[in-house]
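Novice: Please find one structure pasted underneath; my questions will follow.
The values are calculated or read from the model by the stated rules, or taken from the named source; none is laboratory data. Keep in mind that what you see is a predicted model, and the values were worked out from it rather than measured. Every residue, glycine as well, gets a Cβ built from its backbone with ideal geometry; the counts of neighbours run over all protein chains shown. Protein only, heavy atoms only, side chains kept; ligands, DNA and RNA dropped before computing areas. Shrake-Rupley method; radii C 1.70, N 1.55, O 1.52, S 1.80 Å.
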Amino acid sequence: MKIAVIGTGYVGLVTAAGLAELGHPVMGTDKDREKIGRISRGVVPIYEPGLDELIAGNVRKKRLSFSPDLNAVIQEADVIFVCVGTPQRVDGSADMSQIEEVSRMIADNLNRYKLVVEKSTVPVKTSYWIKRTIGLYKKTETDFDIASNPEFLREGSAVSDFLHPDRIIVGVETERGRDLLCDIYAKLRDRVVVTNIDTAELIKHASNSFLAMKISYINLISDICDKTDANVEQVAEGMGLDPRIGSRFLKAGIGYGGSCFPKDIKALVKIGEDLGVDMSLLKDADRVNFDRIRVFVDKIKQALWILKDKRIAILGLAFKPETDDIREAPSISIIRELLREGARLRLYDPKAMENMKEIYPEEPDRLEYCDSPYRATEEANALIILTEWEEFAGLELERVKKAMSNLIIVDGRNVFDPAVPRQLGFEYYSIGRK
Ligand code: UGA
């Protein structure tokens, strides 16, 4: 069984390499010829732990190849995974034009039966539209099936999530489609859950929105902790011990970012509202997340009073650790607010600085990128932590103390045990902990 993966973004690359690792012959393709050229030369365009090795290993074993010839790849494949982007439109809904383009291309190249599997995060009913589009544009009587197999990969641990999944949702409408997908995941059979297609599509959006809501919930609780003697980490631990609640995704901070939660929660609100469902619960969760920026900047002002001309070291730009991804990262809005107030910023991130330079280029005296966290803290009036990279938890605070002008830390991710910096004489502000 030959598999094609269309789209070599984050989802497509991990899917292609993961399916090859499961033992299948996989061809990756993309309309961006230049990107395919780079991947073919072994240059993986994103930073994701373990992905370079997984791709290189499977290319070497000749199970994985990349080609810019979309038509040829589609014709050769028995099963096609659609992994193209579904960016957010102004009204919050997902832009489905790339999915439509690929559907038409599949219709043009339907030379024998194929199973078309949507893997991009899409609104419920997208499969129906893919099926209708292929049906409308195909030039022969050839049969095809559609299926939904949403991905649940987390950036930073996507390879391991793919190879050791909690669940594999297989949404199908025919036995043939079900059998093909179950064969593909035969090695992970005990994780497979078979549903109809609408259900599979909704599981994905409902899961991401639920997790986003959980984060906003603990962030609200952290605001109460900030104004009382309660400690949000102990509250989360105490809550999480109840297996009905669970301890994960209860880490208070500066809010969720990334290419998924902010987009998916808005998309589900739009889907629900279009269907006449009151979606205010999710709208409020999203509003709470938006407000985290103001809450955090207020904390910085509480520590520094006037921000104009203050030299501030910012550690962490990526929306979470172990990635160079800054899409919808809270750091972007926080930097904007600090610049607006006239602060002078010195930034450091282990992986995400090149991406951030595209949004905020270096400006002498106003915004500088530093090659180490220690360089960033030199003569700083405050140190701000925006991503919980392990490197930051291991900072030599004695060295930081010598470098800084004022001993102030505002920690947006609760990286330190408050007692440690305080013992060294730092004023230490964090989230939901006095
Ligand atoms: C998320 C989901 O976790 C994946 O299951 C899903 O497949 C993926 O979206 C997707 O739809 O493609 P991801 O965006 O990579 O994965 O990152 P998460 O680990 O979920 O973190 C999202 C954001 O929430 C980050 O900004 C993180 O800092 C924040 N977060 C997470 C918290 O503030 N607190 C927490 O307790 C957990």
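Novice: Can you say whether GLU398 is within 31 Å of the chain's Cα centre (by Cα), outside any loop (DSSP other than H, G, I, E, B), touching a residue at least 24 places away in the same chain (Cβ under 8 Å) and surrounded by fewer than 24 Cβ atoms within 10 Å (Cβ to Cβ), as far as the supplied structure shows?
Specialist: Considered against the rule, which asks whether it is within 31 Å of the chain's Cα centre (by Cα), outside any loop (DSSP other than H, G, I, E, B), touching a residue at least 24 places away in the same chain (Cβ under 8 Å) and surrounded by fewer than 24 Cβ atoms within 10 Å (Cβ to Cβ), GLU398 comes out as no.
Novice: Can you say whether ARG422 is part of a helix (DSSP H, G or I), modelled with pLDDT of 95 or more and of a type in the set (Lys, Arg), as far as the supplied structure shows?
Specialist: So ARG422 fits the description; yes.
Novice: Among residues belonging to region 204-225 that are more than 11 Å from the ligand (Cβ to nearest atom) and not acidic (Asp, Glu), point out the one that is modelled with the lowest pLDDT.
Specialist: Among them, the one singled out is ALA206.
Novice: Pull up region 123-137, narrow it to residues that are of a type in the set (A, V, I, L, M, F, W, C) and touching a strand residue (DSSP E or B) at 6+ places or on another chain (Cβ under 8 Å), then point me to the one that is surrounded by the most Cβ atoms within 10 Å (Cβ to Cβ).
Specialist: For region 123-137, the residue satisfying everything is ILE130.
Novice: Continuing with this model, one more query. Of the residues in region 152-167, how many are open to solvent by 10 Å² or more (accessible area, probe 1.4 Å) and within 12 Å of the ligand (Cβ to nearest atom)?
Specialist: Result for region 152-167: 11.
Novice: Among the numbered criteria (1) among the charged types (D, E, K, R); (2) within 11 Å of the ligand (Cβ to nearest atom); (3) closer than 26 Å to GLU118 by Cβ, which one does ARG248 miss?
Specialist: For ARG248, the failing item is (3).
Novice: When residues of region 318-350 are filtered for being more than 18 Å from GLU362 (Cβ to Cβ), part of a loop (DSSP other than H, G, I, E, B) and over 22 Å from the mean Cα position of the chain (by Cα), how many remain?
Specialist: 1
Novice: Same structure, new question: Mind checking which residues of region 320-376 are open to solvent by 70 Å² or more (accessible area, probe 1.4 Å), within 16 Å of the ligand (Cβ to nearest atom) and more than 19 Å from VAL415 (Cα to Cα)?
Specialist: ARG327, GLU328
Novice: Restricted to region 42-56, and to residues that are in a helix (DSSP H, G or I) and free of Cβ contacts under 8 Å to residues at least 12 places away in the same chain, which residue is least open to solvent (accessible area, probe 1.4 Å)?
Specialist: Per the stated criteria, the residue is ASP52.
Novice: Let me ask something additional. Between a first residue in region 378-390 that is more than 16 Å from the ligand (Cβ to nearest atom) and a second residue that is part of a loop (DSSP other than H, G, I, E, B), which pairs have beta carbons less than 6 Å apart while being 6 or more apart in sequence or on different chains?
Specialist: Close Cβ pairs (under 6 Å, with a partner that is part of a loop (DSSP other than H, G, I, E, B)) amount to GLU379/SER405; ALA380/MET404; ASN381/LYS310; ASN381/SER405; ASN381/ASN406.
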